[in-house]
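S.K.: Take this structure, written in structure tokens, and hold onto it; I'll ask about it next.
The values are calculated or read from the model by the stated rules, or taken from the named source; none is laboratory data. Not measured: the values here are computed from a predicted model. All Cβ positions, glycine included, derive from the backbone under ideal geometry; neighbour counts span all protein chains shown.
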Amino acid sequence: MEKKVKKDPSQMRHGYTTGACSTAVTKAALTALITGDALEEATISLPIGRDATFTIEKYDISENAVSAETIKDAGDDPDATHLAHIISTVSWSDVPGIILDGGTGVGRVTKPGLPVPVGEAAINPVPRKMILTTVQQTLEEFKINRGVKVVISVPAGEEIAKKTLNGRLGIVGGISILGTRGTVVPFSSSAYMASIVQAISVAKASGCEHLVLTTGGRSEKYAMGLLQDLPEEAFIEMGDFVGFSLKQCKRQGIKKVSLVGMMGKFSKVAQGVMMVHSKSAPVDFGFLSEIAQSVGAGNDLVLEIKNANTASQVGDMMSAINNFDFFNKLCESCCHSAIKQVKGGIEMETAIYSLKGQLLGRAVGIESIDEINRDRG
């Protein structure tokens with residue numbers, strides 16, 4: 001069997017954001033509305049300080065409006081919006097100035113806490129500024145002094161949005177027009193981290209004081225079963241970004257945080273690792289064996305744990321002998337690490353589940369390091 005060769009990240013192809021695509025088609029549509037010329041390409045300035053040229057795939061020209069379309073290229077990034085058709089329809093308006101709105105497939109904001117006001121199209125501040133600036137510059141270039149209306153549409157946007165966090169954030173009817181750089185960096189963490197910040201902001205604005213941070217969809221499902229009194233907004237998938245998410249909760253004034261996950265990642269959190277990607281740091285099996293010994297595990301089992309291959313294997317060993325004090329103590333250590341990370345000020349709890357959804361251990365109501373009877377420095 002031929003071994004799959006991993007791409008060097010430095011050799012991966014960058015793509016363009018929905019914001020950059022929207023700006024380019026807006027420029028093309030407005031130019032065609034003014035001149036009647038349907039240009040094959042449109043060049044715009046990106047926030048990172050360089051220009052980018054986009055192919056215009058299609059025009060729809062009438063007397064008072066022009067639509068221009070491009071296909072979003074996300075490069076080598078596994079972006080949900082890759083190959084989406086982005087359309088801008090530009091028309092003259094009797095109202096002075098520039099009106100910018102979203103059409104089919106562009107979401108609308110229904111919850112507070114986002115950088116776009118409730119009721120408006122989900123076109124984020126940087127893309128909004130890019131589009132408005134480009135329209136103004138184009139009008140000035142052709143010495144036009146008329147009101148303009150711009151409507152951004154993404155025909156498949158509502159379907160694409162199902163693959164994003166928009167529904168949880170209260171953005172309904174389609175995708176968001178995003179991008180602070182104008183380019184998409186393949187496998188960049190920045191977009192995911194930004195979504196965590198937004199999710200915390202929406203939860204806070206909705207009145208949530210208790211948030212639940214999970215490592216993925218499966219642990220979120222288990223968390224929702226455990227904490228059924230909390231609204232959907234309170235549940236946030238932090239992925240591997242434990243420390244980052246906790247700090248954002250502290251920064252935004254969240255009073256209580258529950259961590260819900262499984263042995264693999266939470267064994268790392270318990271030992272103080274706050275970025276729990278598989279390559280971030282090894283599991284400390286010596287640390288796990290110490291916890292096992294402290295809750296009565298025999299010498300042979302302690303030695304097995306020291307020589308284990310995975311944290312999940314350790315979990316299987318301890319659950320096989322019904323020693324759930326081990327998991328409770330591991331949860332306490334996760335709370336300890338979290339409180340230490342944010343320097344206090346948040347009440348913590350942690351729950352660890354098996355892959356099949358069995359609650360293995362839990363620690364609740366921990367607000368300070370002093371409440372944990374283990375000296376870890």
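S.K.: Select from segment 312-355 the residues that are among the acidic types (Asp, Glu) and surrounded by fewer than 21 Cβ atoms within 10 Å (Cβ to Cβ) and write down the one among them that is farthest from Lys221 (Cα to Cα).
M.R.: Of segment 312-355, the ones among the acidic types (Asp, Glu) are 316, 325, 332, 347, 349.
Right, trim to surrounded by fewer than 21 Cβ atoms within 10 Å (Cβ to Cβ) and you get 316, 325, 347.
Details: Asp316: 21, Asp325: 24, Glu347: 22 Å.
That would be Asp325.
S.K.: Also, quick follow-up: Just name the residue that is surrounded by the most Cβ atoms within 10 Å (Cβ to Cβ) out of those in segment 42-97 that are in contact (Cβ under 8 Å) with a residue 24 or more places away in the chain, farther than 19 Å from Gly157 by Cβ and acidic (Asp, Glu).
M.R.: Ranking the candidates gives Asp76 first.
S.K.: Could you list, in sequence order, the residues of segment 358-374 that are at pLDDT below 95 and either in contact with a Gly (Cβ under 9 Å, 6 or more places away or on another chain) or of a type in the set (A, V, I, L, M, F, W, C) (or both)? Don't jump to the end; show me each part of the working.
M.R.: We begin by selecting, within segment 358-374, every residue at pLDDT below 95; these are 365-374.
Passing the criteria: Ile366, Glu367, Ser368, Ile369, Glu371, Ile372.
S.K.: Then there's this: Looking for something within 18 Å of the chain's Cα centre (by Cα), among the charged types (D, E, K, R), assigned by TED's automatic domain parsing to the domain that holds Cys334 and in a helix (DSSP H, G or I) - is there at least one such residue anywhere in segment 267-274? Show your work before the answer.
M.R.: First pass over segment 267-274, keeping only residues within 18 Å of the chain's Cα centre (by Cα): 274.
With the extra rule that they be among the charged types (D, E, K, R), the set shrinks to none.
Scanning segment 267-274 turns up no residue that is within 18 Å of the chain's Cα centre (by Cα), among the charged types (D, E, K, R), assigned by TED's automatic domain parsing to the domain that holds Cys334 and in a helix (DSSP H, G or I).
S.K.: Tell me the residue from Thr110, Thr138, Thr89, Thr104 that is closer than 24 Å to Gly49 by Cα and of a type in the set (S, T, N, Q), please. Even if it seems obvious, please write down each step before you answer.
M.R.: Values: Thr110 fails: closer than 24 Å to Gly49 by Cα; Thr89 fails: closer than 24 Å to Gly49 by Cα; Thr104 fails: closer than 24 Å to Gly49 by Cα.
Unique residue meeting the criteria: Thr138.
S.K.: Of the residues Leu288, Leu301, which is modelled with pLDDT of 95 or more, within 14 Å of Gly264 (Cα to Cα) and either assigned to a helix (DSSP H, G or I) or in contact with a strand residue (DSSP E or B) (Cβ under 8 Å, 6 or more places away or on another chain) (or both)? Give the steps one after another, and end with the answer.
M.R.: Values: Leu301 fails: within 14 Å of Gly264 (Cα to Cα).
Just one listed residue meets the conditions, Leu288.
S.K.: State whether the residues of segment 341-364 include one that is under 23 Å from the mean Cα position of the chain (by Cα) and over 23 Å from Met224 (Cα atoms).
M.R.: yes
S.K.: While we're looking at this one, here's another question. Six or more apart or on different chains, Cβ under 9 Å: which pairs go from a residue in segment 295-310 that's within 17 Å of Lys329 (Cβ to Cβ) to one that's modelled with pLDDT of 95 or more and among the basic types (Lys, Arg)? Could you list them?
M.R.: Sorted first by the residue in segment 295-310, then by its partner, the pairs are Val295/Lys329.
S.K.: Hey, another quick one. Can you tell me how many residues within segment 273-293 are in contact with a helix residue (DSSP H, G or I) (Cβ under 7 Å, 6 or more places away or on another chain) and either hydrophobic (A, V, I, L, M, F, W, C) or closer than 20 Å to Leu360 by Cα (or both)?
M.R.: The qualifying residues number 11.
S.K.: Out of everything in segment 226-245 that is in contact (Cβ under 8 Å) with a residue 40 or more places away in the chain and farther than 22 Å from Gln341 by Cα, what residue ends up being nearest to the chain's Cα centre (by Cα)?
M.R.: If we take residues in segment 226-245 being in contact (Cβ under 8 Å) with a residue 40 or more places away in the chain and farther than 22 Å from Gln341 by Cα, then Glu233 is nearest to the chain's Cα centre (by Cα).
Residues checked against (1) under 25 Å from Gly15 (Cβ atoms); (2) crowded, with 20+ Cβ neighbours inside 10 Å; (3) assigned by TED's automatic domain parsing to the domain that holds Ala42:
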site: Val154; (1), (2), (3): yes, yes, yes
site: Arg168; (1), (2), (3): yes, no, yes
site: Ala203; (1), (2), (3): no, yes, no
site: Gly225; (1), (2), (3): no, no, no
site: Asp240; (1), (2), (3): yes, yes, no
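S.K.: Next question, about the same structure. Mind telling me which of the residues Gln248, Gln252 ends up being more than 25 Å from Gln358 (Cα to Cα), of a type outside the set (Ser, Thr, Tyr), surrounded by fewer than 20 Cβ atoms within 10 Å (Cβ to Cβ) and under 19 Å from the mean Cα position of the chain (by Cα)? Steps first, answer last, please.
M.R.: Working: Gln248 fails: surrounded by fewer than 20 Cβ atoms within 10 Å (Cβ to Cβ).
The unique qualifying residue is Gln252.
S.K.: If you go through segment 261-270 one residue at a time, do you hit one that is in contact with a helix residue (DSSP H, G or I) (Cβ under 9 Å, 6 or more places away or on another chain), more than 27 Å from Gly167 (Cβ to Cβ) and surrounded by fewer than 20 Cβ atoms within 10 Å (Cβ to Cβ)?
M.R.: Yes; the residues of segment 261-270 include at least one that is in contact with a helix residue (DSSP H, G or I) (Cβ under 9 Å, 6 or more places away or on another chain), more than 27 Å from Gly167 (Cβ to Cβ) and surrounded by fewer than 20 Cβ atoms within 10 Å (Cβ to Cβ).
S.K.: In addition: Restricting segment 178-199 to residues that are closer than 29 Å to Val257 by Cα, out of contact with any helix residue (DSSP H, G or I) (no Cβ under 8 Å at 6 or more places or on another chain) and not in a helix (DSSP H, G or I), which is modelled with the lowest pLDDT?
M.R.: Among them, the one singled out is Ser188.
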